[in-house]
1. How would you rank 134-141, 177-184, highest first, on the average number of other Cβ atoms within 10 Å across their residues?
2. Given 0.36 nm per residue, what is the gain on full extension from Asn128 to Arg87 after removing their alpha carbon distance, in nm?
3. Taking the stretch 34-187 on its own, what percent of its Cα-Cα pair distances exceed 23 Å?
4. Order the peptides 116-126, 36-46 from the highest to the lowest mean number of other Cβ atoms within 10 Å of their residues.
5. Counting residues in the stretch 97-157 as N, plug N into 2.2 N^0.38 Å and put the Cα Rg over that result.
6. Show log10 I(q)/I(0) for the stretch 124-196 at q = 0.20, 0.22 Å⁻¹, two decimals, from a solvent-free Debye sum over equal Cα scatterers.
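Every number here is computed from the coordinates shown, using simple stated rules; none is lab data. No experiment lies behind these values; they were computed from the predicted model shown. Here the Cβ positions follow ideal geometry from the backbone for every residue, glycine too, while neighbour counts run over all protein chains shown.
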Amino acid sequence: MIPTTRTARPARQGPYEPCWITRARHGLEEARLHIVDLDNLHCGPCPSDRIIELVRSDYERIGFSSGDLLFAACNHVPGQSPCSAHRRSFHLRQSWPNCSMRLAQGPDGADLELLVDVDTFLGADDLNSRFAEVTIASGDHIFAPAARQFREAGLTVHVVVSLETNLSRELRAEVDGCIWLLPAGRCLRHGQGQAD
């Protein structure tokens, strides 16, 4: 047996300070637009019920305000087993009840559905008076131009990923807020996480 060492966690100095993405927000003044690529967060288009629940509970730790809007998309290909695909999409809709859910098909189908929603918001004249921040829950490079446009419109852009390796270089370059590693519950940019 190989001996292992455990590193003690450093004691916190002073009160817990949440990272920007997890701080408490209230009402419409600090509203956030959430663009959620479920296929990316689930690390594939056919998640188990357990993965769906884990991703949802992990995402819940980020927090929501009453002014937030959520748009999510996932791949829905009935294929050889239509009953399981319909059951999975029903479970997703139950797990994300206050969310506009888009069911997509084909390569990059979920991404393309979300980009339609993104274009709608980017075309609005009052985008930065409606939202203070946007969270792009995906690491796909296809969202990099949208992240840049949100930032240019005056919104803080956060990214949420399941794996750091899923975050494209192009999208990382456009983020001016937090880079939240979902399962670990910590910010890769600021090094802060959830209170214990």
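1. Answer by packing, highest mean first, reads 134-141, 177-184.
2. 11.0 nm
3. The proportion of pairs with Cα distances above 23 Å equals 32 percent.
4. With the highest mean Cβ count within 10 Å placed first, the list reads 36-46, 116-126.
5. This ratio for the stretch 97-157 stands at 1.14.
6. -0.78, -0.91
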